[in-house]
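Peer 1: Once you've had a glance at the structure underneath, I'll fire off some questions.
The values are calculated or read from the model by the stated rules, or taken from the named source; none is laboratory data. Because the structure is a prediction, the values reported are computed rather than measured. Every residue, glycine as well, gets a Cβ built from its backbone with ideal geometry; the counts of neighbours run over all protein chains shown.
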Amino acid sequence: MRRREFLGVLAGAAGAWPLAARAQQGGRVRHVGVLTPALAQSDPEAQTRIAAFLDTFQKLGWSDGRNVRVEHHWGAGDAERDKAIAADVVRSAPDVILTGTSPPVLAELQRLTTTIPIVFVQISDPVGGGFVASFSRPGRNITGFINFEATMGGKWLGVLKEAIPDMKRAAVLFGSDSVGNRSFLRAAEDVAPSLGIRITAVDLHEPTGIERAIEAFAGEPDGGMVVLPYPYTVLNREAVIQLAARHRLAAVYPYRFFATAGGLMSYGIDQVDQWRGAASYVDRILRGEMPGDLPVQAPTKFELVVNLKTAKALGLKIPPAFPLRADEVIE
């Protein structure tokens, strides 16, 4: 049951901006390339995000097939395919590229073009990744919406400790090739001593050893698991949730769909809301604004979802007060 709703992502800064080189010309059908590298086309979560983007885009006056052509490209987590798709999209010379949740793909697009406007969604630490100069003035052909700031690594650990007060160890599943994931891990390590927790880092960049690492970690008592936002965990969320269940590990995840799929709890952003925000940025660029002048937006609402059904199945004793502050409780 959903307990409260929050305000959406901050609206972009209003005002008149200089016309871009790609300003809308009368009667011309515009071209938008949409890359969804971390999800397959058949994934319901992917379809929900795209539907939110298209719905908002249409309300802003853009109709696919009439005044705009929207081309969708799906990577399904295949790194080589992602690179090929990025190259194909740039060669097609769209007016705007929209890409989601994959720093390597954004880096490839950045390498391939410095002129085509790019809007990203759900990228962590775009400044540290070298994609933008600053949040307030990105300064190049790239802008967009971040998913989490670095401090979230400590917040995830704190939420899990609040739910499982006896937890003394935590495995953090992260991708060593992700600047954002490395920042989350450092934040968790910084907070851990004050919570009385020892951190074990499990690198998702080499997924073949994950099961062995978790099995070894679970061999000692009082353990939990923090799952960071990373293409592998998103694509293989059911396997990650089953891994936690098999070893009876309390786990916190970054997105709601983990909890609805059987994960213990999630604490994160409303992803659909960010894709709606991305539609507004694509609209503004098509109407003449420069991406480098559109500030990078951070999320303004976070949702805590607790799956009490999973807690019961794992034999966990969550403090009665903890679910009371959740935005949604699954029973």
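Peer 1: Out of the residues in the stretch 71-92 meeting the condition of being within 18 Å of the chain's Cα centre (by Cα) and not aliphatic (A, V, I, L, M), tell me which one is modelled with the lowest pLDDT.
Peer 2: Residue satisfying both the conditions and the ranking: 77.
Peer 1: Give the residue, chosen from 192, 170, 188, that is outside the structural domain of residue 37 (by TED's automatic domain parsing), outside any helix (DSSP H, G or I), under 29 Å from residue 329 (Cα atoms) and modelled with pLDDT of 95 or more. Please lay out each step first, then the result.
Peer 2: Values: 192 fails: outside any helix (DSSP H, G or I); 188 fails: outside any helix (DSSP H, G or I).
Unique residue meeting the criteria: 170.
Peer 1: Does residue 248 satisfy being surrounded by fewer than 24 Cβ atoms within 10 Å (Cβ to Cβ) and assigned to a loop (DSSP other than H, G, I, E, B)? Step through it out loud before you land on a result.
Peer 2: Numbers: surrounded by fewer than 24 Cβ atoms within 10 Å (Cβ to Cβ): yes; assigned to a loop (DSSP other than H, G, I, E, B): yes.
Here the answer is yes, as residue 248 does meet what is asked.
Peer 1: Does the stretch 223-244 contain at least one residue that is closer than 20 Å to residue 149 by Cα and polar (S, T, N, Q)?
Peer 2: yes
A quick yes/no check of all residues on (1) part of a helix (DSSP H, G or I); (2) modelled with pLDDT of 95 or more; (3) in contact with a helix residue (DSSP H, G or I) (Cβ under 6 Å, 6 or more places away or on another chain):
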| site | (1), (2), (3) |
| --- | --- |
| 94 | no, yes, no |
| 104 | yes, no, no |
| 109 | yes, yes, yes |
| 116 | no, yes, no |
| 128 | no, no, yes |
| 133 | no, yes, no |
| 136 | no, yes, no |
| 143 | no, yes, yes |
| 165 | no, yes, no |
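Peer 1: What about residue 310, is it of a type outside the set (A, V, I, L, M), touching a residue at least 12 places away in the same chain (Cβ under 8 Å) and not in a loop (DSSP other than H, G, I, E, B)? Show your work before the answer.
Peer 2: Working: of a type outside the set (A, V, I, L, M): yes; touching a residue at least 12 places away in the same chain (Cβ under 8 Å): yes; not in a loop (DSSP other than H, G, I, E, B): yes.
When the stated conditions are applied, residue 310 passes them.
Peer 1: For residue 278, state whether it is modelled with pLDDT of 95 or more, under 16 Å from residue 47 (Cα atoms), touching a strand residue (DSSP E or B) at 6+ places or on another chain (Cβ under 8 Å) and not in a strand (DSSP E or B).
Peer 2: On the way: modelled with pLDDT of 95 or more: yes; under 16 Å from residue 47 (Cα atoms): yes; touching a strand residue (DSSP E or B) at 6+ places or on another chain (Cβ under 8 Å): yes; not in a strand (DSSP E or B): yes.
Considered against the rule, which asks whether it is modelled with pLDDT of 95 or more, under 16 Å from residue 47 (Cα atoms), touching a strand residue (DSSP E or B) at 6+ places or on another chain (Cβ under 8 Å) and not in a strand (DSSP E or B), residue 278 comes out as yes.
Peer 1: Would you mind stating whether residue 139 is loosely packed, with under 15 Cβ neighbours inside 10 Å and at positive phi?
Peer 2: On the way: loosely packed, with under 15 Cβ neighbours inside 10 Å: yes; at positive phi: yes.
Judged against the criteria, residue 139 is a match.
Peer 1: Condition check: out of contact with any Gly (no Cβ under 9 Å at 6 or more places or on another chain), surrounded by 17 or more Cβ atoms within 10 Å (Cβ to Cβ) and not in a helix (DSSP H, G or I). Does residue 199 satisfy that?
Peer 2: On the way: out of contact with any Gly (no Cβ under 9 Å at 6 or more places or on another chain): yes; surrounded by 17 or more Cβ atoms within 10 Å (Cβ to Cβ): yes; not in a helix (DSSP H, G or I): yes.
Judged against the criteria, residue 199 is a match.
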